[in-house]
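Q: Please find one structure pasted underneath; my questions will follow.
Derivation of every value follows stated rules applied to the coordinates shown; laboratory data play no part. Quantities reported herein were computed from a predicted structural model and do not represent experimental measurements. For neighbour counting, all protein chains shown are included, and Cβ atoms are generated from backbone atoms with ideal geometry for every residue, glycine included.
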Amino acid sequence: MRLYTTDLKEDFIKSNIPILEKRIRHIFFEGGRDIPMNNIQRESTLREGLIGLLETSHIAKSKGIWKFYDQKQQELDILNVSSLGSMITDQIIGLKDFIGNNDLSYDEQIGSIGGGNHFVEIQKVSEILDNQTANAWGIKKNQVVVMIHAGSVSIGQHSGMSFKQLVKGIYPKDIKSPDNDIYLLPYSEKYLNEYNMFWSILSNAANFAFANRLFLGLMVYKALYDIKGEFDFKLLYDSPHNLVWKEQIDGKTIFLHRKGACPSRGMSQMTGTNFEYYGEPVFIPGSMGASSFILAGLGNRESLFSSSHGAGRSLSRGKAKKASDELFREFINRFKVITPIDPNKPDIKSRPDILKKWEDELKSEAPYSYKEITPIIKTHVDNGLAKVVARVEPILTIKG
């Protein structure tokens, strides 16, 4: 998750929806990303995350999206990213083809939102619940913010498959596969090589995800800049979830896997960062078209210093696709959703097969597919996991 604050207002976004939709669809889905990179940049990013990207950013020389990559600003922004957006590793596992050669070239992955519940959303701050923290974080009522939920896309999928094969290979071939098809990695001297490869595989994917969210942010900035010109676009925070952390808790080294959860560290855990007086920013998104929340972590030991990543589904994707057309029409008429497919284009209107696929994808992520977010937030507050700073509402949502 990544969140930017701006000095824009809702009226500006809504009054420019037609041209903004056209710009967004071009930049995100119609070949307008314009993110040239070479093998040095891709390799540095996979090895060192945002630090590697920063150190090699000069190579592109302001071509394409790099026009909006301000090195001095990025040096400041990286301090507002969990672990500086960098899981340092000396290996890159199985991604030689992706790295490419020394020529500046384009790939299909960087700048991708991904599928499922991933999104980029232009939102407005509808309610401030902690004025002191909101003021410190530059959050103001009625301002426009940009929330990004995206990960490592097919790079992560590749990494997951690589890890599975790596670990599976240390077990006897005739052993029965686990019911969940997850093989455990022993943490021992005997399997130190596999252990080191695991961290490299994980780091490659996480580092790519940090860079991916950064570029998605620049792509939104580019779309708005084309209409508005320069405006304030400040990174509040970027933090991963569905990741493994090696941490010290109660004097012991542990491996903490936050699946469906994100870090929610309090002031003492954030000492030495820009958030040592307020706690770690936590973003809990609602379903598409619903409110999301900005919170500050309280460092709850019982929750392993974690918060929920979201509300969770109430309907499986399969069942959600079977929801009534009337329910879907009510949703799609109330909320602005921009997807790779424009259902209003004449050539698309004549293709019921494409429209059906488009509807099914949106139905699977519509608000009625998810639990209500407000009780989830109340649970966090009641149990001292995090305090609510602000509530935000969507103006438009971009889905991959």
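Q: How would you rank 259-268, 59-68, highest first, on the average number of other Cβ atoms within 10 Å across their residues?
A: Most protected by this proxy first, the peptides run 259-268, 59-68.
Q: Once you list every other residue whose beta carbon is under 10 Å from the beta carbon of residue 5, what net charge do they have if Lys and Arg are +1 and Asp and Glu are -1? Each step should come with its number before you reach the end.
A: On the way: positive: 140, 234; negative: 7, 232.
Overall, the nearby charge balance is 0.
Q: Whole number please: convex hull volume per residue of the Cα set in segment 17-145, in Å³? Write down the numbers at each step before the final one.
A: Working: hull volume 20.2 nm³, N = 129.
Residue-normalised Cα hull volume stands at 157 Å³.
Q: Using a ≥ b ≥ c from the Cα gyration tensor of segment 197-293 (square roots of the eigenvalues), is it rounded, prolate or oblate, where a/c under 1.5 gives rounded and otherwise the larger of a/b and b/c decides, a/b for prolate?
A: prolate
Q: Would you mind calculating the gained length between residue 349 and residue 383 on full extension (0.36 nm times residue separation, minus the Cα-Cα distance), in nm to one decimal?
A: Details: separation 34, 0.36 × 34 = 12.24 nm, distance 4.97 nm.
Fully extending the segment from residue 349 to residue 383 adds 7.3 nm.
Q: Okay, moving on. Can you work out the Karplus-derived ³J(HN,Hα) for every residue in segment 58-66? Use 6.51 cos²θ - 1.76 cosθ + 1.60 with θ = phi - 60°, whole Hz, and x for glycine or proline.
A: 5, 4, 7, 6, 6, 6, x, 5, 5
Q: Then there is this: For segment 1-83, take N as its residue count and report Rg(C-alpha) divided by 2.2 N^0.38 Å.
A: Values: Rg = 15.4 Å, N = 83, 2.2 N^0.38 = 11.8 Å.
In units of the 2.2 N^0.38 Å rule of thumb, it is 1.31.
Q: Further, regarding this structure: In sequence order, what are the phi-derived ³J(HN,Hα) couplings for segment 172-179 according to the Karplus relation 6.51 cos²θ - 1.76 cosθ + 1.60 with θ = phi - 60°, rounded to whole Hz, with x for glycine and proline?
A: x, 5, 8, 6, 5, 5, x, 4
Q: When the chain is fully extended, how far beyond the present Cα-Cα distance does residue 58 get from residue 196, taking 0.36 nm per residue of separation?
A: This chain segment gains 46.6 nm when fully extended.
Q: Give, as a single signed number, the net charge of other residues whose beta carbon lies under 13 Å from the beta carbon of residue 34, with Lys and Arg counted +1 and Asp and Glu -1.
A: +2
Q: With labels modelled as points extended 7 Å from the Cα through the Cβ direction, what inter-label distance (nm, one decimal) is found for residue 97 paired with residue 230?
A: Those two pseudo-labels are separated by 4.4 nm.
Q: If you bin every alpha carbon distance in segment 252-400 into 10 Å steps from zero, what whole percent lands in each bin?
A: Going from the shortest bin to the longest, the percentages are 11, 33, 27, 18, 9, 2, 0.
Q: Just to check I understand the Karplus step: with θ = phi - 60° and J = 6.51 cos²θ - 1.76 cosθ + 1.60, what whole-Hz values come out for segment 205-219, glycine and proline as x?
A: 5, 5, 5, 4, 5, 4, 5, 4, 5, 4, 5, 4, x, 5, 5
Q: Could you tell me which of rounded, prolate or oblate describes segment 257-311, using a ≥ b ≥ c as the square roots of the eigenvalues of the alpha-carbon gyration tensor, with rounded for a/c under 1.5 and, failing that, prolate when a/b is larger than b/c and oblate otherwise?
A: oblate
Q: Right, another one. For residue 67 paired with residue 248, estimate the spin-label separation in nm (one decimal), with each label point 7 Å from Cα along the Cα-to-Cβ line.
A: Here the answer is 4.8 nm between the modelled labels.
Q: Expressed as cubic angstrom per residue, what is the convex hull volume of the alpha carbon set of segment 81-211?
A: Hull volume over Cα atoms, normalised by residue count, gives 199 Å³.
Q: What's the magnitude of the charge dipole for the chain around its Cα centre, counting Lys and Arg as +1 and Asp and Glu as -1 at the beta-carbon? Answer in Debye, nearest 20.
A: Using only the charged Cβ atoms, the result is roughly 740 debye.
Q: To continue, here is another question. Sequence gap at least 6, Cα distance under 8 Å: using those rules, report the relative contact order of segment 216-311 to the nearest whole percent.
A: In percent, rounded to a whole number, it is 22.
Q: Return the distance in nm (one decimal) between the two label points of a simple spin-label model at residue 106 and residue 342, each offset 7 Å from Cα along Cα→Cβ.
A: Here the modelled spin labels are 1.7 nm apart.
Q: Right, something else. Before anything else, pin down the relative contact order of the chain: Cα pairs under 8 Å, at least 6 apart, normalised by residue count, whole percent.
A: Reported relative contact order: 23 percent.
Q: Would you mind ranking 337, 146 so that the residue whose beta carbon has the fewest other beta carbons within 10 Å leads the list?
A: Fewest-to-most Cβ neighbours within 10 Å comes out as 337, 146.
Q: Right, another one. Can you tell me the mean projection area, over all orientations, of the convex hull of the chain's alpha carbons? Units nm², please. Walk me through the intermediate numbers first.
A: Working: hull surface 85.5 nm².
Mean shadow area of the hull around the Cα atoms is 21.4 nm².
Q: Students often get this wrong, so check it: of 222/399; 96/190; 168/319, which have C-alpha atoms separated by over 23 Å?
A: Violating the 23 Å limit, Cα to Cα: 96/190; 168/319.
Q: Here's something else I'd like to know. If Lys and Arg each add +1 and Asp and Glu each add -1, what is the summed charge of the other residues whose beta carbon sits under 14 Å from the beta carbon of residue 398?
A: +3
Q: Another question, if that's okay. Relative contact order of segment 89-151, please, whole-number percent, based on alpha carbon pairs below 8 angstrom and at least 6 residues apart.
A: 35 percent
Q: While we're looking at this one, here's another question. Using the beta-carbon distance between residue 90 and residue 302 and R0 = 51 Å, what value does 1/(1 + (r/R0)^6) give for FRET efficiency, to the nearest 0.05? Write out the running numbers ahead of the final one.
A: Working: r = 37 Å, r/R0 = 0.72.
In this case the efficiency is close to 0.90.
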